[in-house]
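Student: Got a structure for you, questions after.
The values are calculated or read from the model by the stated rules, or taken from the named source; none is laboratory data. Note that the coordinates shown come from a computational prediction; the quantities given were computed from them, not determined experimentally. Neighbour counts are summed over all protein chains in view; Cβ atoms, including those assigned to glycine, are modelled from backbone coordinates with ideal geometry. In case anyone asks, the SASA skips ligands and DNA or RNA and just uses the protein heavy atoms, side chains included. Shrake-Rupley method; radii C 1.70, N 1.55, O 1.52, S 1.80 Å.
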Amino acid sequence: MNKPDHPSMLHPSFNYGDAEHAHYVERGYFVFDRFLSDEGLERCRTGMDAMIEQLHPDCTPEDMICPHQLGDRWIWDLATEPRLLDMIERHIGPNLVFWSSHALAKPPRTGIEVPWHQDAPYWNVGGPLPGAVWVPLDDCSDENGTMSILPDRHRDGELPRLIDRPDTDPDTVPKLFQQQIDPEVLPENADDLKVTYRLGAGQMATHHTMLPHCSTPNRSMKWRRVIVLRYMTADGEQGGKTYTSCRTREPFERAFYLVRGEDVLGRGLPRSPSDDESG
Ligand SMILES: O=C(O)CCC(=O)C(=O)O
């Protein structure tokens, strides 16, 4: 699967150059005006809608974690786009592992809030980590749900967390969202400091894996669909995670796929889901 056998899903103008990289390094994030091509956006929307249709009745559309391991090929194709991997390589060097995708669809009226968190501790991974890739498939507004980041805070290290948030009902808030940064350690004026993404469908934002970020609920009558992709170096710390299939409710172990470069620690990393005997 290393050589793309499908047309690129990325817009021809997507480019991660020196200016974009300098901004990312300095401030911990960067927002692109165009990322997906029109065809790429259509493929993502079709793929995500099919997943929502096939959702197990006990899952919510925010629960669709690592669907690339469950056969959702459009996500794999997007995650391994060579120009996207070039950006990730610029963040962390040549040996790249893809370890997480999240098809996060917030349904009309009921789409949930995601509290302040940092991705690396939240998802139990470590080492030099690049920016996460956050791609809206719908226009995101204050009505259907924005995402906000705290710029410049990617150098603050791991912040204390509250696990099993006391203020939420585990029956209504999916387990994936039961952690948050202790509000005591966030700046008092976080609301003034934050940068809010009100992005259009097919744009993209990348935020450093240690940058605090959160998102607002969907109070509108429209869907708010987002796909998130996450990477690390081949010698990064690969903490364990067991997820639940959003189709069958069967548990499955998170996999780490070597999508570019060398398996420098000789871990036997699979190069794609079809290489992965366990998956
Ligand atoms: O899109 C959202 O609502 C939240 C995404 C998020 O928190 C993440 O990607 O870690």
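Student: Of these, R247, R260, R254, which one is at pLDDT 95 or above and charged (D, E, K, R)?
Tutor: Result: R260 is the single residue among R247, R260, R254 that is at pLDDT 95 or above and charged (D, E, K, R).
Student: Now for a separate question. Out of the residues in segment 79-117 that are in contact with a strand residue (DSSP E or B) (Cβ under 9 Å, 6 or more places away or on another chain) and polar (S, T, N, Q), which is farthest from the ligand (Cβ to nearest atom)?
Tutor: Among those residues, the one meeting the criterion is N95.
Student: Taking the conditions exactly as written (in contact (Cβ under 8 Å) with a residue 40 or more places away in the chain, within 13 Å of the ligand (Cβ to nearest atom) and within 18 Å of R27 (Cβ to Cβ)), does L199 satisfy them or not?
Tutor: In short, yes.
Student: Of the conditions (1) part of a strand (DSSP E or B); (2) open to solvent by 10 Å² or more (accessible area, probe 1.4 Å), V133 clears all except one; give me its number.
Tutor: (2)
Student: Taking segment 183-212, which residues are of a type in the set (S, T, N, Q) and surrounded by fewer than 24 Cβ atoms within 10 Å (Cβ to Cβ)?
Tutor: Across segment 183-212, the qualifying residues are N189, T196, Q203.
Student: Any residue in segment 124-148 that's within 12 Å of R224 (Cβ to Cβ): show its pairings with residues that are more than 10 Å from the ligand (Cβ to nearest atom) and assigned to a strand (DSSP E or B) at Cβ separation under 6 Å, as long as the two are six or more apart or on different chains.
Tutor: So the pair list comes out as T146/T196.
Student: Would you pick out the residues in segment 82-107 that are modelled with pLDDT of 95 or more, surrounded by fewer than 20 Cβ atoms within 10 Å (Cβ to Cβ) and not hydrophobic (A, V, I, L, M, F, W, C)?
Tutor: Passing the criteria: P82, R83, D86, E89, R90, G93, P94.
So that you can scan it fast, the table gives a plain yes or no per residue for (1) of a type outside the set (F, W, Y); (2) on the phi > 0 side of the Ramachandran plot; (3) part of a loop (DSSP other than H, G, I, E, B):
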{"position": "A103", "(1), (2), (3)": "yes, no, no"}
{"position": "L129", "(1), (2), (3)": "yes, no, yes"}
{"position": "D142", "(1), (2), (3)": "yes, no, yes"}
{"position": "G145", "(1), (2), (3)": "yes, yes, yes"}
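Student: State whether the residues of segment 91-106 include one that is farther than 25 Å from Q179 by Cα, of a type in the set (F, W, Y) and within 14 Å of the chain's Cα centre (by Cα).
Tutor: There is no residue in segment 91-106 that is farther than 25 Å from Q179 by Cα, of a type in the set (F, W, Y) and within 14 Å of the chain's Cα centre (by Cα).
Student: Further, regarding this structure: Would you check if P151 is modelled with pLDDT of 95 or more, part of a loop (DSSP other than H, G, I, E, B), under 29 Å from W223 (Cβ atoms) and not aromatic (F, W, Y)?
Tutor: yes
Student: Can you tell me which residues in segment 213-244 are part of a loop (DSSP other than H, G, I, E, B) and either open to solvent by 10 Å² or more (accessible area, probe 1.4 Å) or within 10 Å of the ligand (Cβ to nearest atom) (or both)?
Tutor: Listed by number, the residues that qualify are T216, P217, N218, R219, S220, M221, K222, W223, D235, G239, G240, K241.
Student: Further, regarding this structure: From the set of residues in segment 245-258 that are open to solvent by less than 20 Å² (accessible area, probe 1.4 Å) and closer than 15 Å to P61 by Cα, which is farthest from the ligand (Cβ to nearest atom)?
Tutor: If we take residues in segment 245-258 being open to solvent by less than 20 Å² (accessible area, probe 1.4 Å) and closer than 15 Å to P61 by Cα, then S245 is farthest from the ligand (Cβ to nearest atom).
Student: Which residues, counting only those in segment 245-278, are among the acidic types (D, E) and either assigned to a strand (DSSP E or B) or in contact with a Gly (Cβ under 8 Å, 6 or more places away or on another chain) (or both)?
Tutor: E253
Student: I've got another one for you. With the condition kept exactly as written, say whether any residue in segment 240-251 is touching a residue at least 24 places away in the same chain (Cβ under 8 Å), of a type outside the set (S, T, N, Q) and farther than 22 Å from K106 by Cα.
Tutor: Yes, because at least one residue in segment 240-251 is touching a residue at least 24 places away in the same chain (Cβ under 8 Å), of a type outside the set (S, T, N, Q) and farther than 22 Å from K106 by Cα.
Student: Quick one: would you say V264 is more than 13 Å from the ligand (Cβ to nearest atom) and among the aliphatic types (A, V, I, L, M)?
Tutor: It is true that V264 is more than 13 Å from the ligand (Cβ to nearest atom) and among the aliphatic types (A, V, I, L, M).
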